[in-house]
Amino acid sequence: MQTILVERRERVGIITLHRPKSLNALNRQLAREVIETLKAFNADDNIGAIVITGSARAFAAGADIEEMANLSYAEFYCDDIFAPWDALRLISKPIIAAVGGYALGGGCELALMCDFIIAAEDAQFGQPEIKLGILPGIGGSQRLTNAVGKALAMDLILTGRTIDVHEAKAAGLVARVVPSKELLQTALEAAHTIAGYNSPAVRMAKEAVNVAFETSLNEGIRHERRLFQAAFATEGQKEGMHAFIAKRAPVFRHR
Ligand code: CAA
């Protein structure tokens with residue numbers, strides 16, 4: 001891997017975006033490497049949750065402007081350069097974005113593709129594509145709108161302004177705000193907690209929440225009910241409930 005660092009700590013897989021000279025700008029190689037690593041973590045029974053992070057200065061400052069600047073419509077259309085990111089939707093294990101510094105354009109969109117965001121006090125979010133004569137292209141117009149509502153999404157996407165972490169937290173974009181020095185530790189603790197639970201139930205819970213953005217309330221509740229029933233086909237459900245009744249800690253086997 002040349003654009004990311006990959007690490008495993010117990011049952012947590014960590015991807016650190018690592019293109020420091022360009023503030024972790026998302027180029028094609030980085031997209032390939034992130035997706036390849038996520039797929040490997042997803043297929044690995046020894047990994048229960050994933051953290052994606054960047055540097056203290058930038059989670060990612062967007063898609064790589066140098067790489068894109070001279071592309072033609074035909075190249076962008078035929079190569080569908082952002083399509084690899086669609087594979088993130090196929091990752092069934094939880095992904096936490098640990099965001100410090102800039103999360104702009106594609107960087108903000110990558111954070112939004114993760115399941116939730118834990119942000120450092122110096123984090124900044126924005127979709128400044130309009131200043132480059134373009135618009136968000138990796139789902140920002142949809143996911144940002146889902147996350148913060150139409151008013152703020154329109155404001156950010158149309159003016160290109162950046163918001164600080166407190167505005168992001170108040171708007172529901174960010175789950176938790178922590179001091180910069182505690183960012184990775186907090187994200188890892190959350191990931192370790194998740195990775196310790198009954199893995200099929202964790203994945204079902206992620207699926208159930210995501211269905212809320214794709215269907216009607218009626219269908220979503222029906223989907224949740226089926227997943228809830230399916231949880232009773234897992235060993236982890238028996239272990240979790242019997243451990244509670246026996247007043248001991250559960251020991252989940254992650255299958
Ligand atoms: N692509 C390529 N290189 C980038 C980059 C990007 N998105 N963002 C920053 N860099 C590079 C800079 O060119 C600079 O390189 P050099 O040292 O070789 O000159 C280096 O990273 C450091 O950047 P700055 O000197 O600009 O640092 P700064 O602290 O003064 O400013 C910043 C930081 C405000 C983030 C500024 O770099 C910036 O505005 N970056 C661009 C943000 C942006 O427009 N993102 C959207 C990209 S388009 C997109 O993402 C489309 C989509 O929806 C997928």
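Just for region 98-119: of the residues that are buried (at least 24 other Cβ atoms within 10 Å of the Cβ) and over 25 Å from ASN210 (Cβ atoms), which one is farthest from the ligand (Cβ to nearest atom)?
Only one residue tops the list, namely GLY100.
For residues that are more than 11 Å from the ligand (Cβ to nearest atom) and among the acidic types (Asp, Glu), tally how many sit in region 57-83.
3
Could you tell me whether ALA31 is under 18 Å from the mean Cα position of the chain (by Cα), farther than 19 Å from ALA187 by Cβ, within 15 Å of the ligand (Cβ to nearest atom) and in a helix (DSSP H, G or I)?
Answer is yes for this residue.
For region 189-199, indicate whether the set of residues that are touching a Ser or Thr at 6+ places or on another chain (Cβ under 7 Å) and surrounded by 13 or more Cβ atoms within 10 Å (Cβ to Cβ) is non-empty. If you could, list the steps in order and put the result at the bottom.
Taking region 189-199 first, the residues touching a Ser or Thr at 6+ places or on another chain (Cβ under 7 Å) are 198.
Among the residues that remain, those that are also surrounded by 13 or more Cβ atoms within 10 Å (Cβ to Cβ) are: 198.
Within region 189-199, one or more residues are touching a Ser or Thr at 6+ places or on another chain (Cβ under 7 Å) and surrounded by 13 or more Cβ atoms within 10 Å (Cβ to Cβ).
Residues are listed down the side, and each one gets a yes or a no for (1) part of a loop (DSSP other than H, G, I, E, B); (2) among the acidic types (Asp, Glu); (3) within 30 Å of ALA230 (Cβ to Cβ):
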{"site": "GLY137", "(1), (2), (3)": "yes, no, no"}
{"site": "ARG143", "(1), (2), (3)": "no, no, yes"}
{"site": "ASN146", "(1), (2), (3)": "no, no, yes"}
{"site": "THR186", "(1), (2), (3)": "no, no, no"}
{"site": "ALA191", "(1), (2), (3)": "no, no, yes"}
{"site": "ALA205", "(1), (2), (3)": "no, no, yes"}
{"site": "ALA208", "(1), (2), (3)": "no, no, yes"}
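When region 124-139 is examined, which residues are found to be over 14 Å from GLU109 (Cα atoms) and touching a residue at least 12 places away in the same chain (Cβ under 8 Å)?
Passing the criteria: ILE130, LYS131, LEU132.
Within region 6-17, can one find any residue that is outside any strand (DSSP E or B), within 24 Å of ILE163 (Cβ to Cβ) and either out of contact with any Cys (no Cβ under 7 Å at 6 or more places or on another chain) or within 10 Å of the ligand (Cβ to nearest atom) (or both)?
No, region 6-17 has no match at all.
Quick check, is GLN142 within 13 Å of the ligand (Cβ to nearest atom), in contact with a Gly (Cβ under 9 Å, 6 or more places away or on another chain), without any contact (Cβ under 8 Å) to a residue 60 or more places away in the chain and polar (S, T, N, Q)? Steps first, answer last, please.
On the way: within 13 Å of the ligand (Cβ to nearest atom): yes; in contact with a Gly (Cβ under 9 Å, 6 or more places away or on another chain): no; without any contact (Cβ under 8 Å) to a residue 60 or more places away in the chain: yes; polar (S, T, N, Q): yes.
Criteria not met by GLN142.
Please indicate, with yes or no, whether at least one residue in region 234-244 is open to solvent by 30 Å² or more (accessible area, probe 1.4 Å) and either touching a strand residue (DSSP E or B) at 6+ places or on another chain (Cβ under 7 Å) or among the aromatic types (Phe, Trp, Tyr) (or both). Spell out how you get there, then give the answer.
Initial filter on region 234-244 (open to solvent by 30 Å² or more (accessible area, probe 1.4 Å)): 235, 238-239, 241-242, 244.
Checking which are either touching a strand residue (DSSP E or B) at 6+ places or on another chain (Cβ under 7 Å) or among the aromatic types (Phe, Trp, Tyr) (or both) leaves us with 244.
Yes - at least one qualifying residue is present in region 234-244.
Select from region 121-137 the residues that are of a type in the set (A, V, I, L, M, F, W, C) and either at positive phi or buried (at least 23 other Cβ atoms within 10 Å of the Cβ) (or both) and list them in ascending order. Talk me through it step by step, then tell me what you get.
Taking region 121-137 and keeping what is of a type in the set (A, V, I, L, M, F, W, C), we get 123, 125, 130, 132, 134-135.
Of everything in region 121-137, those that are of a type in the set (A, V, I, L, M, F, W, C) and either at positive phi or buried (at least 23 other Cβ atoms within 10 Å of the Cβ) (or both) turn out to be ALA123, PHE125.
Mind listing whichever residues of region 207-221 are over 17 Å from GLN142 (Cβ atoms) and either of a type in the set (S, T, N, Q) or surrounded by 13 or more Cβ atoms within 10 Å (Cβ to Cβ) (or both)?
The answer is GLU207, ALA208, SER216, ASN218, GLY220, ILE221.
The values are calculated or read from the model by the stated rules, or taken from the named source; none is laboratory data. All figures in this text were calculated on a predicted structure; none of them were measured in a lab. Cβ atoms come from the backbone with ideal geometry, glycine included; neighbour counts cover every protein chain shown. Areas reflect the complete protein model, heavy atoms only, side chains present, ligands, DNA and RNA absent. Shrake-Rupley method; radii C 1.70, N 1.55, O 1.52, S 1.80 Å.
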